[in-house]
1. Taking the conditions exactly as written (open to solvent by 10 Å² or more (accessible area, probe 1.4 Å), acidic (Asp, Glu) and touching a residue at least 24 places away in the same chain (Cβ under 8 Å)), does ASP102 satisfy them or not?
2. Being open to solvent by 30 Å² or more (accessible area, probe 1.4 Å), touching a residue at least 60 places away in the same chain (Cβ under 8 Å) and in a loop (DSSP other than H, G, I, E, B) is the filter here, so list the residues in the range 27-61 that pass it.
3. Suppose the filter is open to solvent by less than 30 Å² (accessible area, probe 1.4 Å), part of a loop (DSSP other than H, G, I, E, B) and within 27 Å of PRO232 (Cα to Cα); does ALA198 pass it?
4. Identify the single condition in (1) open to solvent by 40 Å² or more (accessible area, probe 1.4 Å); (2) touching a Ser or Thr at 6+ places or on another chain (Cβ under 6 Å) that ASP132 does not satisfy, given that it satisfies every other one.
5. Residue by residue through the range 80-98, note down the ones that are in contact with a Phe, Trp or Tyr (Cβ under 9 Å, 6 or more places away or on another chain), surrounded by fewer than 22 Cβ atoms within 10 Å (Cβ to Cβ) and touching a residue at least 12 places away in the same chain (Cβ under 8 Å).
6. Checking the conditions here, which among THR175, THR146, THR159, THR154 is closer than 26 Å to ASN202 by Cα, surrounded by fewer than 24 Cβ atoms within 10 Å (Cβ to Cβ), in contact (Cβ under 8 Å) with a residue 40 or more places away in the chain and among the β-branched types (Val, Ile, Thr)?
7. Do the conditions hold for SER252, that is, is it open to solvent by less than 60 Å² (accessible area, probe 1.4 Å), without any contact (Cβ under 8 Å) to a residue 24 or more places away in the chain and among the polar types (S, T, N, Q)?
8. For the range 242-273, enumerate the residues that are assigned to a loop (DSSP other than H, G, I, E, B) and farther than 23 Å from ILE92 by Cβ.
Amino acid sequence: MIPAPFEYVRAGSVEEAVAALSADPDAKLLAGGHSLLPAMRLRIVRVSTLVDIGRLSDLSYVREDGDAIAIGALTRHHDVANSEALQAGCPIVAYAASQIGDPAVRHMGTIGGSVAHGDPAGDLPAVLLALDASFVITGAAGATRTVDAASFFTGLLSTALAPNELLTEVRVPKTSGGWSFLKFNRRAQDWALVGVSAVAANGGVRVGLTNMGLTPLRAAGVEAAVEGGADPAAAAAHADEGTAPADDAFASAEYRRALSKVLVERALREAMG
């Protein structure tokens with residue numbers, strides 16, 4: 001299908017992008033476009049103004065900052081996957097980025113676009129949730145605020161971003177323990193039916209779930225079981241607690257619940273090895 005008519009603005013800076021968003025409450029940002037453009041073509045999303053930020057090169061970087069690694073929001077998945085800083089300091093992010101879609105998607109899609117879209121089936125949101133990552137947001141007059149991952153994803157395709165705000169940076173902690181990123185899909189480029197991200201830290205483990213609800217989720221029951229001394233199999237039995245997986249043409253909710261337990265057990269054994 002053809003998208004509904006819209007105006008096009010190419011922003012030359014973060015300030016110009018925020019000004020364009022402030023001028024039109026129905027404006028949307030265009031980064032890599034892999035999530036927004038298909039939705040526009042299907043007319044699931046109608047945009048009055050498309051604000052293109054894809055050429056803001058100052059938002060494309062990966063750099064170490066003390067105990068954290070800062071990733072510019074417009075950093076392509078390919079560059080995240082091949083970043084030496086991330087491969088050494090937070091390898092689960094680099095690995096997860098390398099598993100997104102196919103090479104064409106990884107060379108165009110951005111980490112900021114993936115996060116801001118807020119899709120519970122996306123690979124990176126659950127990884128960032130398990131890492132307790134934080135997000136730097138820029139609004140009017142250059143004002144910035146930082147939101148932690150636990151507070152950022154608010155609903156289906158909804159986040160803590162205001163209509164006139166721009167996600168400018170993703171910050172992840174450096175990790176030294178074990179980790180695991182697993183997902184199950186029908187084809188390599190498909191969305192995951194279920195995904196699991198596990199990060200070992202401080203004698204415990206943090207577990208993020210993909211496509212098990214309206215937002216990426218933490219498997220709190222699993223984390224508590226591990227903290228209480230449960231082995232991976234026993235802890236994984238709690239994987240679907242507090243979840244609400246979809247029941248659709250790709251998989252039933254019952255299947256997703258069973259699959260989450262299998263993947264969580266495998267991820268725990270790998271991360272806690």
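The values are calculated or read from the model by the stated rules, or taken from the named source; none is laboratory data. This structure is a prediction, so every number in the text was calculated from the model and none was measured. Cβ sites come from the backbone with ideal geometry, for glycine too, and all protein chains shown count toward neighbours. Surface areas here come from the heavy atoms of the whole protein model, side chains and all, with no ligands, DNA or RNA. Shrake-Rupley method; radii C 1.70, N 1.55, O 1.52, S 1.80 Å.
1. Values: open to solvent by 10 Å² or more (accessible area, probe 1.4 Å): yes; acidic (Asp, Glu): yes; touching a residue at least 24 places away in the same chain (Cβ under 8 Å): yes.
So ASP102 fits the description; yes.
2. Passing the criteria: HIS34, SER35.
3. Details: open to solvent by less than 30 Å² (accessible area, probe 1.4 Å): yes; part of a loop (DSSP other than H, G, I, E, B): no; within 27 Å of PRO232 (Cα to Cα): yes.
No.
4. That leaves (2) as the condition not met.
5. ALA81, PRO91, TYR95
6. Numbers: THR146 fails: in contact (Cβ under 8 Å) with a residue 40 or more places away in the chain; THR159 fails: closer than 26 Å to ASN202 by Cα; THR154 fails: closer than 26 Å to ASN202 by Cα.
Step by step, each of THR175, THR146, THR159, THR154 is checked, and only THR175 is closer than 26 Å to ASN202 by Cα, surrounded by fewer than 24 Cβ atoms within 10 Å (Cβ to Cβ), in contact (Cβ under 8 Å) with a residue 40 or more places away in the chain and among the β-branched types (Val, Ile, Thr).
7. Values: open to solvent by less than 60 Å² (accessible area, probe 1.4 Å): yes; without any contact (Cβ under 8 Å) to a residue 24 or more places away in the chain: yes; among the polar types (S, T, N, Q): yes.
Yes.
8. Looking only at the range 242-273, we keep the residues that are assigned to a loop (DSSP other than H, G, I, E, B), and these are 242-252, 273.
The answer is ALA244, ALA246, ASP247, ASP248, ALA249, PHE250, ALA251, SER252.
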